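Down below is the structure, laid out as structure tokens.
Each reported figure results from applying straightforward, stated rules to the coordinates on display, with no laboratory input. Quick caveat: nothing in here was measured; it's all calculated off a predicted structure. Here the Cβ is made from the backbone with ideal geometry for all residues, glycine too, and neighbour counts use every protein chain on show.
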Amino acid sequence: MNTRIYKEVQFDASHRLLHYQGKCACLHGHRWKVEVWMEGRVDGKTGILVDYNTIRSVVERFDHQIILNEEDPIVPCIEKFHPVVVTPGEPTSELLATLLVDMIQEECKKQGYQAKVVSLRVWESPGCYAEVVHEDL
């Protein structure tokens, strides 16, 4: 029997979209919200599917960070004063959702959990989110 859990985590971070024409081309911040649904087999000994703190700790790697496209020319300038999280493309909510799925799955595997992310939403603002869903379930 499979069990499903849900965890919500919020973080503050700034980003900009290098190849975008509009307001989001400027460095700006958000109060991001991440919703994670995981499914799998509960550990018979601990009685848990995944420690909620595992999910939280992965998402919070982005907290109070500057997230930029690895090609962004301002990365070296900012790195003189503050660490920069670089992404393989534009740091959109769509890309962050994909990256977070991979990061959470990797951490769960490392910790021996028998679970996978079945859905993950990254809210950039209260009315906008990107969602990754595993359709093969």
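Quick one: Karplus J couplings for region 124-131, per residue in order, coefficients 6.51, -1.76, 1.60, θ = phi - 60°, nearest Hz, x for Gly and Pro?
With coefficients 6.51, -1.76 and 1.60, one gets 8, 8, x, x, 9, 9, 10, 10 Hz.
By the scheme Lys and Arg +1, Asp and Glu -1, what is the net charge of all other residues having a beta-carbon under 13 Å from that of L49?
It works out to a net charge of +2.
Ranking request for peptides 38-44, 74-80, 57-63: highest mean number of other beta-carbon atoms within 10 Å first, then the rest in descending order.
Those peptides, ordered most packed to least, come out 57-63, 38-44, 74-80.
Name the lysines eligible as straight-distance cross-link partners of K7: C-alpha to C-alpha under 27 Å, and not fewer than 8 places from it in the same chain.
K33, K45, K109, K110, K116
Can you check what the net charge comes to around G29, using other residues whose Cβ is under 15 Å from the Cβ of G29 (Lys, Arg +1; Asp, Glu -1)?
Summing Lys/Arg as +1 and Asp/Glu as -1 gives +1.
Got a sec to turn the phi values of region 96-106 into Karplus ³J(HN,Hα) couplings, 6.51 cos²θ - 1.76 cosθ + 1.60 with θ = phi - 60°, whole Hz, x for Gly and Pro?
4, 4, 5, 4, 5, 4, 4, 5, 5, 4, 4
If contacts are Cα pairs under 8 angstrom and at least 6 residues apart, what is the relative contact order of the chain in percent?
Relative contact order comes out at 29 percent.
Measuring from label point to label point, each 7 Å out along Cα→Cβ, what is the S125 to E71 span in nm?
Modelled inter-label distance: 2.6 nm.
Under the 0.36 nm per residue contour assumption, what length would be gained going from the current alpha-carbon distance of I48 and H134 to full extension?
28.8 nm
Taking amide hydrogens as modeled 1.01 Å from N in the peptide plane, which residues meet the under 5 Å criterion relative to L18, leaving out close sequence neighbours?
Under 5 Å from the amide H of L18: N69.
Just want the ordering: H30, H134, from fewest to most Cβ atoms lying within 10 Å of their own Cβ.
H134, H30
Might you report the magnitude of the Cβ-based charge dipole of the chain about its Cα centre, with Lys and Arg at +1 and Asp and Glu at -1, to the nearest 20 debye?
That gives a dipole near 380 debye.
Please give the peptides 125-131, 8-14, 93-99 ranked by average Cβ packing (other Cβ atoms within 10 Å per residue), highest first, as a rough proxy for protection.
Going from most to least packed, we get 93-99, 8-14, 125-131.
Among (1) 41, 37, 31; (2) 46, 29, 27; (3) 50, 30, 23, which one is Cα extents along the principal axes in Å computed from these coordinates?
Only one listed value fits the structure, namely (3).
Search the structure for amide H atoms under 5 Å from the amide H of V118, placed 1.01 Å from N in the peptide plane, and list their residues when 5 or more places away or on another chain.
Those qualifying (amide H under 5 Å, at least 5 residues apart or on another chain) are W37, M38, E39.
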